[in-house]
Each structure stands twice: as structure tokens, then as C-alpha cells.
């Protein structure tokens, strides 16, 4: 088999490892005589692409070769750039498209009526004109959910999961997770020196609005307390645990890591500042709010450290490179085996092709009963026998 | 000469390299038959020390030996811990001291009358009872200013400057500065991947309320724009420069670094939230405020990344280890030469013992005329011949 | 259940992650009211231990507590130190033991007759006097093989596999492997700059006398050629592949990684220098020998870079910390479930307790058919579906 | 002033920071309307360049722009590649040149008569045809010595010193030195864990055939013993010091770093293996020879770790970026001020333009009296006041 044309795109937030997937798909494809077309800026590269406009073509389409992908695996981010566009839920169409040609849906968001368009027809038309036979879509829930739509519309598509939150369903591992924990582990390791020197309560915050994997696994490998979105903790008990840690520590400090979406009983997110154009005000981070509570209730000094963009920056670590390489090669093998609608995944510790998850199910979340110690507000350290390497089930 | 007893303490914010100084003073002292007494928690270890109370003694005094300092130079922070106490401006006295025994001063802070006490008498008494002949005080402006007080009171004291802002007067270099720039340079290098993948305006913020050295030198070695406290920039011009950078960049992103104290013409710091016990509300960071302006004026997406505690965390880099080692050994040589009131320093590119700076002069600040390009909002890259290695004069 | 006394030791070459295991066993044990005794220097701590001699006791026995293990997980190496002693094959007994009391075996090594003693009786006696009920032995093949001996003698023992070669049987993962690959990947990433600037053939060598996992996985994540002990390559073909890589590379360089035990058809290890006390001469490294061949046959410049002790140095990476934590807790759970003779392991992608491997089987080796591309002298990149996360079967 | 054409090349061994210089020269030049021509592969790019041959032109000449140098400063090595060619001492001429057209010199090397040619005439001819007005030559002694030749021949040339050995005369600092020490410091910091776990004598070897700066400064910032080419140590005394260190260390290990050119009284370099085409046999490294002596005399186990190519690999650290940026901008300022024959330098702690050093003087060497403690075989830690930041005089 040769002469296929394989498209590839990356959507949603970038993570280290995306370029490894891209390079592997390109190298395997060109070895076998197939062409690879890079679609730039995620789904936007297919929604906003006007093939009649050379500028648009240049912005959104990049033929990929061994030459232009040779060194990309050494850097993080995505060589193809990314966006958060979903072709079936477009609020605003590119100017060259007429809204009347596409099915519209009315929804209500924050009390306001919103019209969205499904321009899949245009996407399929672009794919056809580009002569792309198969598409590899790399992304998180959102990006993959549209891959599932395309599959239902009969287009050949294979998904690859990425997100530093590790919260895509039907897989135990998403590209970017290991590097995120590696970076968080290193940052906390370094910052112990300053938290300790000042004898403070160190409060770290990481991304994770719905799923606490990043906070939980960082806590597991740094032996500190954690708060996750899946479990509302008791504020007094958490502070008691921390102050006891601090007293027991000859260096008189303690550490806790909170997911962005962590909360305690009675906690309400505070907002501040003026509303922006969409009526949104800024939100207090949970780490700042928790810090206020600690200071107020104990008089202890705190230090709040946000571990955010750094966790998704730089090159991929060993595991992300290994998994991204393997996912890339599995996606390629699936394509050449005429499969569609599947996602490269890890299931029960093994590489497998699983179904692209149903977006209605929402993100995969931490199994509190088995993984989080609700008495000690830390990961569970018992009964790991039988669990897969990433200590979790999809 | 042998048989001296040398005290050593670290005050103010910690930086990597403090332990290197401590170890070097201990090793040189013990080689020559002197003893070294570690005073814990900065000046607080002399103000709150009650020698009649064994618990207090244990908390504040630690005899230093080759054994207990052998490995400390491998870690950042300060093995002796630190605080921000100033014995001549105590708002609250330890319970075992009677305020009536100490001179009091009334000042007005934020519209409220405040009484502070100068308990130098108690500090000197403790030093005498501890039989400390000479003291090495490592710290920033605040810590060193009290060293100058002690010197005037006739006590033998040698200062060593540290601060990641590099803003202590009478020296071109303070311990912690190089490591801070190293960390900031690495973080920005890593985060290019994510700012670029999303085609955003990346806004970094670093410590530096009064002096912009950290932002300026980071900009110098990463080739990005910067805003510093010493120069009020024009908001529109800065945004123009950045949007031009973005358009000229094939990866369609741009970067700027702002000191905590940077500002533009017309900028006022916004506050938010409820007042705390001292009547203080939280302040918007300048990076967030700048981000709001960029989004509002250009519609571009931004990403704000705070480089704060990480810059002072972890072990010292090569230069901080080299300078800390050298400052430690110079302090020791000054002590054994019966000098007092001096500070280890770098002046015109050379190691020297300078005067402990007069606190009234405030922090050392960037020489805008020679070091900052007020047209291009970046460091000046011309006419470096004749400047010392750190490109600045004290 | 409380009141047990658990012993723990580390044998063979150190790797990052050993201290993580030790700390976890100590923390879980003390939580449940058990004591932990650290045996220093591997099995030597039980063979050379003379309990009547306080100096010997001090050298070989260290009671472990939360206090003295609190920070050890932040460093690599082993806090308990290590040795390569095998109590059932002692060539030389400690002076306080009489050889006549122990069974002796005559073997022939390098043409010389050698007597070895099995002093298990003494080991068991020491364990009894120390009142150790269960022992956790962390090590590679050699260390674990004696754990199997102790199990057969009726002593309760649990093994934990470690080795940066990842070549212990009955497990897909040994502590230290991920960190070794992480370090090798980083080093090769850095050294590309210098190999490329000089347009050379870069030849890296890593440990691995019998098993090529370290070279193979490093090659997998850096996309370079490799030679492994399990497959004799053809010298001309390898050089052809490399020179083609070099010519195709716009930067005009190429890279290959060789296991210490790699070889080509017709290769014989050269020796040099004078024989040492044991009659051994130094051996040419395969990388140097290969470099000579490349230079001679092609005239190309080469650079040989040994990645040796650095791969096992420093702290453990995320995966090694995760696995070491989990192995430690599994070993503890096995002990409290009255199990013996088992080893913490990963099997088919899942954590499990397996049998301590039979030393007669020798090290686990790369499955050449499925993992090594014997045409391209690089890892196989196809058909990964169904394989466990570490891409291999035990 | 505009419209100049500036050439730039890098010669000798690469170090991190070269690309920073190149980028800065290009950016400043293009800002002012000058063109920059990159000469590839050092002086070879001018000796082997046949302007009549498009292939040769492509291989050796690369016009430099903001676009093609925008990201090069993020990587180590040299974007322009490098070689060790010296146009005034060519052993072999490119085939398109007739040896009879160039002055020849007969010398004797290793007992064999060698003819070398000075093809400066050809070099000048190429420079003229390329319309290059000024040349920036970045390199060590060898590369710079030919820059001095060109200057004497009336061509405008500015030198920039680089070498991780820091041994170029007339400057206290060469690009690459700080990064080399940073890497060595990190490697030794990491390897302490494995040397300690095995209770060994750790012997590190670094480049430095004639000058011991790299070993000495690494020793200064890691507090270990060192041997340098400038001082023949006493073998027994060194081993005594090390065994005393080991005994005094609670972890029972010790460390020493040796320059490649270090030696002890009575030491002779041993050779091994078969002679190569030039009659050269391989040389025992001094670290291996020292290791043999330690094992033989004390029975202690040793570990030899070569820190070689890694020290010059990867990106430049903060100081190398700062100095490379500054040297680049100084070279540019010198060119636009119509200067020639000068070298960017650091002298007495300040940036200056100094003379390109006279190659007859050989490399700059460590001032043993002030910098090396000949009793303790370690750096001198006393009397640093008055020394420049890099603790040395040119």
C-alpha cells in the first residue's frame, strides 16, 4: 500500500510530546510512500481554511517531510500550532462563509442566548479538496470529540490523547502527563529550600479544574498533602494536618499541593475586579484563598507558588517521548489497517486502540476510594498490587 | 591568632549561596582554631534569644562545626533559617523583655501611630554572653542596615550582601542574582514552546519592586522586551513594539518581562478583595494589568507567567557559588585582620571590602541612561567597553 | 499486627530510587508500630557483622526512623551504602570467623582453583540476634539470588529489583532504568550540538554487558542507531547506515549508541596494559574499537562519549520515584500478609508480586525479533499494540 | 555609516555561546544597514572555498539574516560549524589549488619531515571576491593566531576568544568557560551519590592539556582536591590527603579532579594498542593511571569519571550568554570604529578590547603561587581581595 495522504493536526492546550507524534507519523508514512499534510492551528486549520486564498492556504496547510520534521522532536509545544476551535460549535464563522449554509443551534450561556453553527460540511469539503484520506487528531477531550463527529460522518480519523491533566477517558495515559509531574516534582524539590528557610506553609497550585491527577501524582512522588477536585476536604482538618507536619518537621515547614479545582466544604470561589467584555470577573485562585485561611486561623506565614505554564513547557521527558513515539506508530498502523474512530491508548497497563471517548461522559476523574486518603488528605499508599503502571483504571 | 568566637547569621529573603558562605566561614575558622556560633533566624535569633531558657537557646543558637556544615553547600536556602526582624525597629517585643527598658520611637504608618523599640542593648548583651567576638551578617539592605548600627555601637561586624534583585549599594553583585537570572532564562527558554504554539503575547513577571536588574538582565540574555521600575514606559508604544515583534516572528508570538515594580504612564495599581487585619487589600500584579490592556487594545491572546519563588529556589549556580565562596573567605580575612563595619563587595569588576551602605540611600537602581533603551524598551546593547563584568557601576 | 522488626538492605550497584524504597518501608512500618533495622553495605552487613564488637555493629547496623529517613528520598544512591558480597560464595571470610565452620566449594576461575564458603549459618545467626523477622533485599540478580537462598532456608524475605540495565527476570521494570534513560537522553540531546558543529560520527557507550535495554530505549527516544549484546551486527552495514545518515543530515553528522557488550561479526575484545593482581588486563571499550574502524574505513572524524556513572547518579526521575514508592509499599504489604520469597515486579503492565528469579537463568535479554530492527540497526517501531507500557514481556 | 559587509567565522573546538555572538553581530549589523556573511567551518571556509564552484560556495558561504539567526542563540555549538584549519600551515591543499603558487615551509614533526603551505594569498583573494570588509573570528589560540596574521597582512579583523579551558592570553575570560564549570559542578554533584554509596575514591578528569583552570575552578566550587598541569604533585601526598578525606567523611568517600594534563613527580604517560596511520598509539588517561596507583597502594575501590564532551555541549549558561552577547556587541562597535587586530576581552574585571595574543607565548596558565595550594592540592581560598571577578589576571 502506498500513495495515501494522511492529515495531522494538534488541538487544545499544547504539551511536550506532540512533535514526537508528528515526526513519527511523518517518518513512518514517508518510508512507505505516503504523503503527510500538516493542518495548522488544530480544527481551525480546517474551518478557517479558504483553499481559494493562497494566504489562507499558507497559514493553515503545511506539507510535512522528513526534512521539515527532522529536529522537531527535540522541542516541546507543537510545530503545527494549536487552537481551541470546535467545527460543530462555531460561534463566529470565517468571513468567507455564509452562516445560512450551515445548521445553527441556539443555546443559553450565562443567561444569554448564543447561536452556534456546525460547519462540518465545510470541513469535509476542505479535507476532500486536500485529498486527505485519513486524519490523525491529537488533543484532549474537546479536540477528540470532534474527531468522533468526523468518524460518524464517515471520515477516517484516528485520535491521540494528550493533556497534562491525564483526564481523557478510555486511556490511562495522555501525552504530557509525565512531563508535567516531572516539572512539578522538580519545582517543589527546589522550592523546599526557600519554604524551609522561612519556616512557612508552602502552598502549590497546579492546573486541573475537574480532575486531580496532576496534584495527586505530584503529591505521591514528593510525599506532601494534596487537595483534589474530586473530594471536598474539611478546612480545619487540612490545616491541622499541615500544622502538625510543620511542628514535626525539624525544619519547621510543610507543603501542600492543590488542584485548580480543589475546594473545601463551604468554599466559594471569590471574584474580583471589573467584569470584562463577556461579563466575567477574575477569580481568586484556590491557593490564595487557602493561604488567607491558614494565615487567619494560625498566624503562620505562607507562600503561594503557582506551577502553571511551566508544567507544559520545554521538551518531553523520557516517558512522554516513549509514549508519544508509540502512540504515533500505533496511529499509523491503525491507518494502514483501514481503521477509523479509534484512539491510541493505554489500558490496563498495555498499549491498545480504544474508542474515542463519548464527550458527554466528561473528563476521567480520580477514583477517590482507591487513590486518595480522605483521612490524611494525601494519596493512598496501600494495595497497589494488581494496578497498572500508572496506578489507575481508565 | 586562635580562640576567637565568630557569630554568623542570615537575614531577609533567602537566596541560593547562603550556605556556601556559612560553610566557608566555618571551614576557614576551624582550620585556624576559632569557633563559630550560628545564630538562627537572622536578627530574631538575637532579639528573641533568652539565654536562661534552654528551649530558646536551642531554637536560636547552633554551634557550627565541619561536621554539621559539611554538606550544606549543596543546597540552596539557608541552613540557619531567616527572618525579617530589625532589632532597632521592633514593633513587638518577646514576652520576657520589658518594653520600658528600651528606647521607643513613635512613627505614623498608613495613618496609624506605631511604637517601635530599639533593643540593641539586649542584642549586645546576648552577644556578650555568647562570647561572640565578631559577627558575619549576610543579608540585603535591611539586614545590613542593622549591621551598620551594631558597628556604630562598637561591635565587630562584617556584612555580606545577598538579594536576587542585586540592589544593595556599594557592590555590583549580591549573592543570588546569577542563580535568579539562570532560573529565569531557563524558564523563559522552556515556555517559548507553549507561548509560540498558541501564538500568544507572553508576559513574564519577576520580583523587583524598586530595582529592575532581574528583569533587565533576563531580557539581555533572552533577547526580549522589558519594563523596569526605573522607567515609566508608554503603554501604546510598548504594545506596538510587541505586536510588531509578533508579526515579524514566523512563529507569531512575542515576549516581554516586567519587574514587579514596572509601570507605564498613567498606570495605577489596582487593589481587590477585602482588607486584611492591617487594612491592606491585595494588589493586581502589573503583569495581569498589562495583560488586560493588551487583550483589550489588540484582541491578542496573552499568557501571564509569574517567575517568583522559583528564582530563589534550589542550589546556587556556578557564579553564585564562586562569589559566595569568595565573599565568605573575604569576610573571614577581614575578621582576622581586625576590621569591622565593612561589607564584602564587587567594585569595578574586582572583589573588595566596601562600606556597609547607608540605608537612607535606598536600593541601588538601574542607570537608565546607559543600560535601558528607552526607545526600544529593551536593554542597551551598545558601548559596553570599559564596563565591569556585571555591566554596571555600584 | 504490630511489633515486627523488619530489616532492609541494598546490594550491588546503586541506582536512583533506592532511598525512596527505604523511606516508604520505614514510614509504613512505623505507622503500624513496627521497627525497621537498616543493614548497611548490602549482604556484607550480615556477613561481616560481629555483634560482639560495638564498632562492627555501628558500621553495619543502623536503626531506621522517620527522623533519619525523612529527607533521603531527595537524593540518589543508597543511604545504607552497598557492596557486591554474596554470603554463599565468600572468597574471604571476615577475620572473626573460622573457615572450618562453613561449607566450602572448589571452583575453577580463569584456570585457577578457588575456594568459596557459604556462611549462611552466620547470616541467619546475625538475623536472629538482631531479632529481624522479615528482610527486604533490594538489588539486582546477584543480590536477589541470595535472597532466594535465604527464603529456601526458611527466612522471610521479600526482594525488590533494581538495575539500570533493566535485566532482572520476572519483571518488566527495575528501579533505576527510567532515570538512566532520562540521563542518557538528556546527554545525547546536549551533545548533538558539538557532534554537529564538528560534523562527526558521534559514538555513545552505555553500561549493559549482557542486556541491551539501556542502549535500545535510549535509541528509541532519541531516534538514533544502536548496537546491543543480543545481536551481532555487520560492521560494514552499520558503517554504511551511519554514513548515509550523515550525508542525509543537513548538519552532516550522525549518532549511534552501543551497549558495553555490543559487538559485530568478527569482533574480538582487545586488551591492553599490564595484568593486574588478578591477571586481568584492561579492555578496549567497544566504542573505541568501533571508532577506530569508522575512522580507518571512512576517514570520518569520530567522537566517543562514555555515558557511564552519570546515568546512575543524582536523584530519581518521576517514574523511578513512582515505581520505587509502589515497590516499597508492595513489599511492606507482602510482609504484613506473611508472604516470603516474592519480588515486587511489573508484569504485563501491572504491579504484581512475582517469584524471585532463578539465578541460573541469567539476565533477562532483549527479544531481538520483536524489538530490534536487524536491517536498520535501530529499535523496531512497528506493532506496539498489545505490549505493556515498557514495551516488553518479562 | 552603512553598506559594509562583515564576515564571521568560528574555529577550533565548539563551545556554548558561539551562536549568541553570531546572532548579536547579525542583529546589530542589520539594524545599521550592513550585511553579514557567514563563513562556514572556520578558516577552512576560506581555504577550501572555490568561488567558481557553486557546490563549494554553498558549503562554505552562508549569508546571515535576522531570519536565519533568530533562534540560534538557544542552542550550543556553532551554527556555522567549525574546523581546526590554519591557512598559514596547510599540510594538504584543496585540489583546485596548485601548491607551487604558495610559500612552503619544511618542519620536522615526530621525526618526520613535513611540508606546510601558507595560502593567505588565496584567503585574501576569497575575502576580496566576497567583498568582505571586516572579519570577526571567534576561536581559541589557534584560530586567533591566524586572525593576527590577517591583521598584519592589512585585513580588518576582530577576534573573540572562546575555549572551555579559559587559556587564551590577554583576557581573563573566554566564552565557554562558565558553562563548562557549570556542567562539571552539576555532574560532580550528581555523582557524589554513587561514589558515596560504594565508599569509593572518585576521580574526575576534565579537558585541559596545558592549563588547569577548568579543574581548578570546578574544585573551587565543589570543595574537592585537584591536580593541574602547572604543578607536579607528589603522588603519595595526594593519596594521603584523599585517604584522610575519605576517613573523615561519614560517608566514607572522597573526590579529586584532574586536568587531562595533570601529572605527578615521576609520572610518564603510558601508551597502548597498535600505532595508527600516523604512528600514534593511544594514551592512558591520567585519571586511569592515578586510579591504578590508588588501588595498588591503598586497596581502596576507585571510580573514574570522564567529564569531556558533555562540558562543551548544550546551551550556554547565564554568564556565557552575557559575555557572548557583550563580546559580540563590542566586536561590532570595534568594526564600526574602524579598529582592527583587537580582541574582545575581560581585563581586570572589565570588558575591554585587547591585542590578539602572540601565539608564541602559548596558552595562559594558572598562577600556581596565588591560586593553587601546593600543600593541600586544592585551590587557594585566601587573599581574594583585589582580584577580578574571575579571580585571575590575564
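Would it be correct to say that residue B:214 is closer than 23 Å to residue A:76 by Cβ and either at pLDDT 95 or above or buried (at least 19 other Cβ atoms within 10 Å of the Cβ) (or both)? When the stated conditions are applied, residue B:214 does not pass them. Of all the residues in segment B:213-237, those that are more than 13 Å from residue B:258 (Cα to Cα), within 12 Å of chain D (Cβ to nearest Cβ) and outside any helix (DSSP H, G or I) number 1. For the criterion of being surrounded by fewer than 20 Cβ atoms within 10 Å (Cβ to Cβ), more than 11 Å from every other protein chain (Cβ to nearest Cβ) and free of Cβ contacts under 8 Å to residues at least 12 places away in the same chain, residue B:385 fails. Looking at segment B:149-164, which of its residues are in a loop (DSSP other than H, G, I, E, B) and within 15 Å of residue B:211 (Cα to Cα)? Within segment B:149-164, B:163, B:164 meet the criteria.
Can we say residue B:50 is surrounded by fewer than 24 Cβ atoms within 10 Å (Cβ to Cβ), farther than 14 Å from residue B:136 by Cβ, in contact with a helix residue (DSSP H, G or I) (Cβ under 8 Å, 6 or more places away or on another chain) and more than 14 Å from chain A (Cβ to nearest Cβ)? When the stated conditions are applied, residue B:50 passes them. Within segment B:293-346, the set of residues being within 13 Å of chain A (Cβ to nearest Cβ), surrounded by fewer than 18 Cβ atoms within 10 Å (Cβ to Cβ) and without any contact (Cβ under 8 Å) to a residue 24 or more places away in the chain comprises B:295, B:296, B:299. Within segment A:57-77, restricting attention to residues that are touching a residue at least 40 places away in the same chain (Cβ under 8 Å) and under 16 Å from residue A:29 (Cβ atoms), the residue that is surrounded by the most Cβ atoms within 10 Å (Cβ to Cβ) is A:73.
Residues considered: A:123, A:157, A:149, A:168. Of these, the only one that is farther than 18 Å from residue A:16 by Cα, crowded, with 24+ Cβ neighbours inside 10 Å and touching a residue at least 60 places away in the same chain (Cβ under 8 Å) is A:157.
Listed residues D:247, D:252; which is within 14 Å of another protein chain (Cβ to nearest Cβ), within 28 Å of residue C:312 (Cα to Cα) and not in a loop (DSSP other than H, G, I, E, B)?
Being within 14 Å of another protein chain (Cβ to nearest Cβ), within 28 Å of residue C:312 (Cα to Cα) and not in a loop (DSSP other than H, G, I, E, B) holds for just one of D:247, D:252, which is D:247.
Taking the listed residues B:57, B:28, the one that is on the phi < 0 side of the Ramachandran plot and touching a helix residue (DSSP H, G or I) at 6+ places or on another chain (Cβ under 6 Å) is B:28, with no other qualifying.
Residue B:265 meets each of the listed conditions (1) buried (at least 21 other Cβ atoms within 10 Å of the Cβ); (2) in contact with a strand residue (DSSP E or B) (Cβ under 8 Å, 6 or more places away or on another chain) apart from (1).
Considering only residues that are under 25 Å from residue B:352 (Cα atoms), touching a helix residue (DSSP H, G or I) at 6+ places or on another chain (Cβ under 7 Å) and more than 14 Å from chain A (Cβ to nearest Cβ), which ones fall in segment B:178-212? Answer for segment B:178-212, where residues must be under 25 Å from residue B:352 (Cα atoms), touching a helix residue (DSSP H, G or I) at 6+ places or on another chain (Cβ under 7 Å) and more than 14 Å from chain A (Cβ to nearest Cβ): B:178, B:181. Give segment A:1-22 a look and list any residue that's closer than 23 Å to residue C:223 by Cα and surrounded by fewer than 24 Cβ atoms within 10 Å (Cβ to Cβ), or say none. Within segment A:1-22, no residue meets the criteria. Quick one: in segment C:347-382, of everything that is closer than 18 Å to residue C:220 by Cβ and facing chain A (nearest Cβ under 7 Å), which residue is farthest from the chain's Cα centre (by Cα)? By that ranking, first place goes to C:382. Where strands (runs of 3 or more DSSP E) fall entirely within segment C:277-360, those with at least 3 residues that are closer than 30 Å to residue A:391 by Cα are at C:342-347, C:350-355. The residue of segment A:165-177 that is farthest from the other protein chains (Cβ to nearest Cβ), among those that are part of a loop (DSSP other than H, G, I, E, B) and either closer than 16 Å to residue A:318 by Cβ or touching a strand residue (DSSP E or B) at 6+ places or on another chain (Cβ under 7 Å) (or both), is A:168. Here residue C:369 passes the criteria (1) within 18 Å of residue C:215 (Cα to Cα); (2) assigned to a helix (DSSP H, G or I); (3) in contact with a helix residue (DSSP H, G or I) (Cβ under 8 Å, 6 or more places away or on another chain) except the one numbered (3). Scanning segment A:266-280 for residues that are within 12 Å of another protein chain (Cβ to nearest Cβ) and either at pLDDT 95 or above or within 23 Å of the chain's Cα centre (by Cα) (or both) turns up nothing. Just give me the residues in segment D:78-87 being within 13 Å of chain C (Cβ to nearest Cβ) and buried (at least 18 other Cβ atoms within 10 Å of the Cβ), in sequence order. Selection gives D:78, D:79, D:80, D:81, D:82, D:83, D:85.
When residue D:26 is tested against the conditions (1) away from chain C (no Cβ under 13 Å); (2) surrounded by fewer than 24 Cβ atoms within 10 Å (Cβ to Cβ); (3) without any contact (Cβ under 8 Å) to a residue 60 or more places away in the chain, the lone failure is (2).
The values are calculated or read from the model by the stated rules, or taken from the named source; none is laboratory data. Just so it is clear, the structure is predicted and the values come from calculations on it, not from any experiment. Note that each Cβ is placed from the backbone with ideal geometry, even for glycine, and that neighbours are counted across all protein chains shown.
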